[in-house]
Every structure is written in structure tokens, then in C-alpha cells.
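A short worksheet on the structure shown next.
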Amino acid sequence: MIHLNIGSNLDSTYGSRYDNISIAINLLINSKIKIKKISNFYETPSYPNNNFPKFLNIGLGVEYKKNYLNLIETIKQIEKKLGRVRTKKNDPRIIDIDIIDFKGEIKKTKELILPHPRCHLRNFVLFPILQIDPNWFHPILKKNAQYLIDNLSQKSRIEITRLQKNVNIEI
């Protein structure tokens, strides 16, 4: 399975953070990416600057017939369509779509590092993965999501909130 993570901490011309993520998922579906599983929304403080708006994140388990380079290109087009402007690292953004794991592949190219190089340190990645794919193992570390969550700091484990709101998608 391919794991994606989508985040937003700014409203856009399309609506709220929730709307941005829902629209991104619909655009993924329209791009022939098959959504198999969707986590709940998770909310976390913005890192490293807690003064920025809180982030909403969601995890997806998807199937995609093409390679990871085609997928990253599709993702960049969707981010651009939604109004993503790449500024300084960790600045607020309308939408951010990351490939966390592409079928267990281990790659390091100019365009992408697989698995995502910091996924094992991010509560907003690990909690959604645990929810939708509890048997997932990090391709390099060979540890599952629960183990990686247990090794986060206590602060990181408690500053994340699983919301009961679901994604609005057209299937």
C-alpha cells in the first residue's frame, strides 16, 4: 500500500482547512489514485512555531498503478491548483501532500526520499497510519507505527487530537 499524508493550516479561496483536504482527496481520486483507507482528521499545533494556526492532517492508504515519480508530479499539480505557494520551510500552507511510504520502496532522489525521512518522528503521520494500517512497518527501521508512537516524546503523544469529523469526498 502507498501511504499519503495531507495537511492544511490555512483557509483558502475554496474554504476551510477541512475543505482544502477534502478537495485535495477528490482531486487525487480524479487523477486515478484509488483511495483504500482514510483516517479521521487529526489536529496538532504548528511546528516549530506554535503561534501559527493549528494543522489538520489526514492519512490515506492508496493504490496507484504508476511509479512514485508520476505520483509526486500529480501531487505537485494538485497542490498548485489549490493555491499552495512554497515559501520558507514550516510556514503555514493551504495544502501539503506528502508521500510517506510507496509500497515499501527505499529511494533517495533529487525529487523525493522514500520513506519520508521524518515520518517516524511525526505524530500527525504515525497516528493516522496506526488507525488505517496497524500492521504497517517502517521500511528502513522495521518498526511498526505503535512502536514508533511509543518512542515519541510525551508532549508529542498528547498534543495531537483525533477529531470525529470525516472527509467529504465524492466516490
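Just so you know, all these numbers are worked out from the coordinates, no wet-lab data involved. Just so it is clear, the model here is predicted, and its values are computed rather than measured. Methodologically, a virtual Cβ is constructed for each residue, glycine included, from the backbone with ideal geometry; neighbour enumeration extends over all protein chains shown.
Net length available on complete extension from residue 153 to residue 30 is 40.5 nm, with 0.36 nm assigned per residue and the Cα-Cα distance removed.
Here the relative contact order of the chain, from alpha carbon pairs under 8 Å that lie six or more residues apart, stands at 31 percent. How would you classify the stretch 86-152 from its alpha-carbon gyration tensor, with a ≥ b ≥ c the square roots of the eigenvalues: rounded for a/c under 1.5, else prolate if a/b is greater than b/c, otherwise oblate? Judged from the Cα gyration tensor, the stretch 86-152 comes out oblate (a/c at least 1.5, b/c at or above a/b). For the peptides 5-12, 110-117, the ranking by mean Cβ contacts within 10 Å, running from highest to lowest, is 5-12, 110-117. Once the chain from residue 88 to residue 63 is taken as fully extended at 0.36 nm per residue, the excess over their C-alpha distance is 5.9 nm. Which parts of the stretch 97-124 would a label at residue 143 reach, counting a residue when its backbone N lies under 12 Å from a point 7 Å out along Cα-to-Cβ? Flagged as within label range: 119-122. A Gaussian network model of the chain, with springs between Cα atoms under 10 Å, assigns the largest mean-square fluctuation among 85, 62, 125 to 85.
The alpha carbon convex hull volume per residue for the chain rounds to 111 Å³.
Dipole orientation for the stretch 2-162: of the candidates 53, 21, 144, 144 has the Cα lying most toward the positive pole (charges on Cβ; Lys, Arg +1; Asp, Glu -1).
Note on the chain: with charges restricted to the Cβ of Lys and Arg (+1) and Asp and Glu (-1), its dipole about the Cα centre is near 380 debye.
Each label point was placed 7 Å from the Cα along the Cα-to-Cβ direction; for residue 16 and residue 121 their separation is 3.2 nm. Calculated mean residue ellipticity at 222 nm for the chain: -8500 deg cm²/dmol, from DSSP H runs with n ≥ 4 weighted as -39500 (n - 2.57), summed, divided by the residue count and rounded to 500. Step through the table entries 36/107; 81/108; 80/143; 76/165, compare each Cα-Cα distance with 31 Å, and write down the pairs that go over it. From the list (36/107; 81/108; 80/143; 76/165), the Cα-Cα distance tops 31 Å for 80/143.
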